[in-house]
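J.: What follows is a structure written as structure tokens; I'll ask about it next.
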Amino acid sequence: MSASELRSNPDNFCYRHPDRQSFVLCQRCLRTICAECQTPMPVGVICPECLREQQKSSGAPRPRRAPRVLRAVRADDSRPLVTYGIIGLTFFVFVITLIPGVGLMARQALALIPPLLYPSFTGSFEPWRLFTVLLVHSGFWHVALNMLALWMLGRSLEPMLGRLRFLWLYLLSGLGGSVAVVLLGFTTPVVGASGAIFGLFGALLVIGRHIGANITGIAVVLGINLVLTFLPLLTGALGGAAIPQVSWQAHIGGLIAGVLVGTIYARTRAIRKQKLQLLLLGATAVGLIALLAVPLAIYG
């Protein structure tokens, strides 16, 4: 998405820097402000004009000027640090899985193996697998392609949403993918962050449409990935040559969760709706976890 494509909705751009996109509002005047224009306060962030008005009304002395230092710190806030952190952690785990002897144990401990979530089935209760599956991959190309997609999507989404919201999106999308695997592929061990990646695609599609961007390119890329997701199933059904299996359950579950979280973000971006946003995100997490009770009813 280019800035020219997004200018059809100027409310999503900083009022002081029209070329900078942001979803953050000044908690006093509710104008959109970028990372450089944000001053943290106990109840949110405010813009430079509201800060000056507040200082005048309170009679508080102005802070010593250090504009170059402050701007450097605030500019750093726009960097997709959560994206970089996830990529770094994922590659670190991948390197561990390459260590002879240790690698296989690590992969088995982190992979999503649905029966191990239920003590009544196996005697084990290992719920961390719902999320640690995002860190372990089957090979170099698997992790490289997933992290490349995360890097490309994270650079757009994280500065737009903010670090904490982006992390919520990634984790809830990953959880959605894991829950779909449990419901639709109960006996199949799964590894990889593909569910979370598809969730980022879904959220970017929804948010892009909401802010008036041209989402054709995103829709085409997502469509190609969905075709590749179901190609192994179609080839097998037609008796063709074997194609490495992918977890279509994780892809679809992550996509649905990402679309849902993206819709929540798009519809609750105003300051007055922040509590509603948190409530809806919490309800999404609870709802996904509640779906894990379904196998108990089916196999119990």
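J.: Provide the per-residue ³J(HN,Hα) series for the range 189-198, in order, calculated from phi with Karplus coefficients 6.51, -1.76, 1.60 and θ = phi - 60°, each as a whole number of Hz, with x at glycine and proline positions.
T.: Coupling constants for the range 189-198: x, 9, 9, x, 9, 4, x, 5, 5, 5 Hz.
J.: Same structure again: At residue 290 and residue 184, where each label point lies 7 Å from the Cα along Cα→Cβ, what is the point-to-point distance in nanometres?
T.: Going by the 7 Å Cα→Cβ label model, 2.1 nm.
J.: When the Karplus curve 6.51 cos²θ - 1.76 cosθ + 1.60 is applied with θ = phi - 60°, which whole-Hz ³J(HN,Hα) does each residue of the range 175-180 get, with x for Gly and Pro?
T.: Each residue's phi maps through the Karplus curve to give 5, x, x, 5, 5, 5 Hz.
J.: In addition: Residue 41's amide H: which non-local residues (gap 5+, or another chain) put their own amide H closer than 5 Å, with H modeled 1.01 Å from N in plane and none for Pro or chain starts?
T.: It is 46, by chain and number.
J.: While we're here: Hey, what's the Kirkwood Rh for the range 103-211 if you take every pair of different alpha carbons, in angstrom? Walk me through the intermediate numbers first.
T.: Details: mean 1/r = 0.0682 Å⁻¹.
Across the range 103-211, the inverse of the average 1/r is 14.7 Å.
J.: Rank 183, 112 by accessible area, highest first, at a 1.4 Å probe radius?
T.: On the way: 183 60, 112 0 Å².
From most accessible down to least: 183, 112.
J.: Hey, another quick one. Ignoring any ligand, DNA or RNA, what whole percent of the accessible area of the range 118-183 comes from carbon and sulfur when the probe is 1.4 angstrom?
T.: On the range 118-183, the fraction of accessible area on carbon and sulfur atoms equals 73 percent.
J.: With charges set only on the Cβ (+1 for Lys and Arg, -1 for Asp and Glu), what does the dipole of the range 105-241 come to about its Cα centre, in debye to the nearest 20?
T.: Values: 6 positive and 2 negative charges, 43 e Å.
It comes to approximately 200 debye.
J.: If you don't mind, there's one more thing I want to ask. For the range 155-227, would you read off the P(r) tail past 13 Å as a percentage of all alpha carbon pairs? Please report the intermediate quantities before stating the final value.
T.: On the way: 1822 of 2628 pairs.
For the range 155-227, the fraction of Cα-Cα distances above 13 Å is 69 percent.
J.: A further question on this structure: How much accessible surface does residue 52 have with a 1.4 Å probe, in Å² rounded to 10?
T.: Here the accessible area works out near 110 Å².
J.: Same structure again: Between residue 297 and residue 283, how many nm apart are label points set 7 Å from Cα along the C-beta direction?
T.: 2.0
J.: Okay, moving on. In terms of modelled amide H atoms, which long-range or inter-chain residues lie less than 5 Å from the amide H of residue 31?
T.: 26
The values are calculated or read from the model by the stated rules, or taken from the named source; none is laboratory data. Given the structure is predicted, the values throughout are model-derived calculations rather than measurements. Counting neighbours? That spans all protein chains shown, and the Cβs are built from the backbone with ideal geometry, glycine included. Heads up: the accessible areas ignore ligands, DNA and RNA and are worked out on the full protein's heavy atoms, side chains in. Shrake-Rupley method; radii C 1.70, N 1.55, O 1.52, S 1.80 Å.
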